[in-house]
Amino acid sequence: MSTATASPPAVATQPSGFGAKRVLLLVFGSIVLLIALSLLAGGGAALWGLGKRDSSGYITSASHRLSTPSYALTSDSLDVGTDAPNWLFGDHFGTVRIEGTSSQPVFIGIARTPAVERYFAGVQHDQIADFDVDPFTVTYQHVAGTAAPSPPGSQAFWRVKASGTGTQTITWPLEKGNWSIVAMNAGASRGVTLDTRLGAKVPFLRSAAIGLLAGGGVVLLLGAALIYFGARTPRVASREV
């Protein structure tokens, strides 16, 4: 005669607390999500830029009036990637376009900052220290002087320049170094007023948009997976008594 032996009842074992491994997964997952959002935002900005290009491929600002009673308007020194490799610049990196329209013959030029500073030594002019696009505001820094400049078109130090009546346009492939932008009357007289438009063309903008969005999507999935595994409740184990 056989005797049946009853199986002991299973008792649920409570999972251990919110362990260090889960905390680390949640922390790293959150960091990865922030990185993903940054990449996606950059990709979105690049897509926005693609939609704002004109027929020549430039992203162009609205027209804004700049004016000074002095001899010239100059930009603050533009420090263009002095620590970056040389191959990054030129047509491979981007091109700047500046358009200026005045009621009298106007001059627009770009040159290395030391040469511009020597040209304006002792000459009264206004330097654009800061500006915002939306809304458009300009902060000028007045530089006093008593000397009169020679006509700008006769100077040999300009990297690019344009001079004449009507709308004048210069285009400049970005180059490493410290540069200054100058706007004057072509005859070097006082009282400079011109309507300006700034444009930029970045050849790799489309590739950047695709790369940032694709990379952001992959990183987003990784961050979501880390948070999922960190937040899920471990399966309850059972033991027999």
Fill in the blank from the handout: Scalar couplings 3J(HN,Hα) for the stretch 157-162 by Karplus 6.51 cos²θ - 1.76 cosθ + 1.60 (θ = phi - 60°), nearest whole Hz, x for Gly and Pro, are 8, 5, 6, 9, 7, 8
Problem - Cβ-placed point charges (K, R +1; D, E -1), dipole of the stretch 54-201 about Cα centre in debye, nearest 20 - result: 480 debye
Exercise for the section: Determine, from the Cβ-Cβ distance of residue 45 and residue 167 and an R0 of 30 Å, the FRET efficiency 1/(1 + (r/R0)^6), rounded to the nearest 0.05. Expected result: 0.55
Exercise for the section: Quick one: grab the alpha carbon gyration tensor of the stretch 95-195, order the square roots of its eigenvalues as a ≥ b ≥ c, and give me rounded if a/c is under 1.5, else prolate or oblate depending on whether a/b is larger than b/c. Expected result: rounded
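Bear in mind that the values in this text are calculations on the coordinates, not laboratory data. Fair warning: this is a prediction, and the values are worked out from it, not measured in the lab. Positions of Cβ are backbone-derived with ideal geometry, glycine not excepted, and every protein chain shown enters the neighbour counts.
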